[in-house]
Amino acid sequence: MLDRWVGEITGTLRSAVEELVAKRLVAAETALTTESAAGEEAEAGVAAEKTAELEAELREHAIATARAAAQRDRRIPPLQRALNAVRADLYGNRDATGE
């Protein structure tokens with residue numbers, strides 16, 4: 001009879017300890033997941049800031065490139081006319097215009 005009583009008490013204690021361990025394990029996993037999510041969110045924020053900075057820099061470069069191309073396009077016709085005039089002086093009027 002004592003053996004059975006000790007067995008029941010041991011079983012009850014084992015169940016209680018297993019339940020306590022399971023609860024603590026779930027709490028630890030929850031805390032770890034929360035901490036991990038917060039870290040990932042912070043990293044995502046930093047990455048978003050860096051991406052925004054890079055996009056702004058790329059926009060600035062694109063604008064500068066467009067301005068340089070527009071300036072080049074405005075300068076080509078007078079330069080072409082000057083080149084044609086030099087060719088005309090050097091070679092006479094034949095083929096001065098490259099045609």
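General remarks:
- Annotation note: Cβ proximity below 6 Å between a residue of segment 80-99 that is at pLDDT 85 or above and a residue that is part of a loop (DSSP other than H, G, I, E, B) (sequence gap 6+ or interchain) occurs for ASN84/ALA96; ASN84/THR97; ARG87/ALA96; ALA88/ALA96.
So that you can scan it fast, the table gives a plain yes or no per residue for (1) exposed (fewer than 10 other Cβ atoms within 10 Å of the Cβ); (2) touching a Leu at 6+ places or on another chain (Cβ under 8 Å); (3) modelled with pLDDT under 95; (4) hydrophobic (A, V, I, L, M, F, W, C):
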{"site": "VAL6", "(1), (2), (3), (4)": "no, no, yes, yes"}
{"site": "ARG14", "(1), (2), (3), (4)": "no, no, yes, no"}
{"site": "LYS23", "(1), (2), (3), (4)": "no, no, no, no"}
{"site": "GLU35", "(1), (2), (3), (4)": "no, no, yes, no"}
{"site": "GLY39", "(1), (2), (3), (4)": "no, no, yes, no"}
{"site": "ALA48", "(1), (2), (3), (4)": "no, no, no, yes"}
{"site": "LEU58", "(1), (2), (3), (4)": "no, no, no, yes"}
{"site": "ARG74", "(1), (2), (3), (4)": "yes, no, yes, no"}
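- ALA66 being out of contact with any helix residue (DSSP H, G or I) (no Cβ under 9 Å at 6 or more places or on another chain) and either at pLDDT 95 or above or not in a helix (DSSP H, G or I) (or both): yes
The values are calculated or read from the model by the stated rules, or taken from the named source; none is laboratory data. The model shown is predicted, which means the values in this text are computed figures rather than measured ones. Here the Cβ is made from the backbone with ideal geometry for all residues, glycine too, and neighbour counts use every protein chain on show.
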